[in-house]
Amino acid sequence: EIGIYSDGNWYLDKNRSWAWDGEPADTFGVFGIGLANPIPVTGDWDGSGITKIGIYSEGNWYLDTNASWQWDGTPTDTFGVFGLGLGTVVPVTGNW
């Protein structure tokens, strides 16, 4: 499925209509407001087979591991630092 991230707001096209149909057909959530230069990321942060959201912000990774659409802090959600000080970066995720 596809989605859009804009200023901390996530719009996910869960019904695959290529249009924003509103909830409950699609999903709206807020995650990442107030972070510097946020870049949205997605991945299966806990090995459950379900894609979740996250934010990469200037070397800091904020991963919504429990899919609550809010930052619950560690250990409920995942925080890590990787890529700090590298200049222009594009975060990537995958099952390496």
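The values are calculated or read from the model by the stated rules, or taken from the named source; none is laboratory data. Only a predicted model underlies this, so the values are computations on that prediction, with no experimental measurement involved. Glycine also receives a Cβ, built like all others from the backbone with ideal geometry; neighbour counts cover every protein chain displayed. We work out accessible area using only protein heavy atoms, side chains counted, and drop any ligands, DNA or RNA first. Shrake-Rupley method; radii C 1.70, N 1.55, O 1.52, S 1.80 Å.
For the chain, the Kirkwood hydrodynamic radius from C-alpha pairs, put into Stokes-Einstein at 37 °C and a viscosity of 0.692 mPa s, yields a diffusion coefficient of 234 µm² per second. According to the calculation over all Cα-Cα pairs in the range 23-69, the P(r) per 10 Å bin from zero is 27, 50, 22, 1 %. Among the protein heavy atoms of the chain, carbon and sulfur supply 55% of the accessible surface, probe 1.4 Å, non-protein parts ignored. Karplus-derived 3J(HN,Hα) values for the range 42-51, using 6.51 cos²θ - 1.76 cosθ + 1.60 with θ = phi - 60°, are 9, x, 8, 5, 10, x, 7, x, 10, 6 Hz; glycine and proline are entered as x. When only the Cβ of Lys, Arg, Asp and Glu is charged (+1, +1, -1, -1), the dipole of the chain relative to its Cα centre reaches about 180 debye.
Other residues within the sphere of radius under 15 Å centred on the Cβ of D77, judged by their own Cβ, net out at -3 (K and R +1, D and E -1). Between W96 and F82, the contour length at 0.36 nm per residue exceeds the Cα-Cα span by 3.5 nm. Put +1 on the Cβ of every Lys and Arg and -1 on every Asp and Glu Cβ in the chain; which of G32, L84, W61 then has its Cα farthest towards the positive end of the dipole? The Cα lying farthest towards the positive end belongs to L84.
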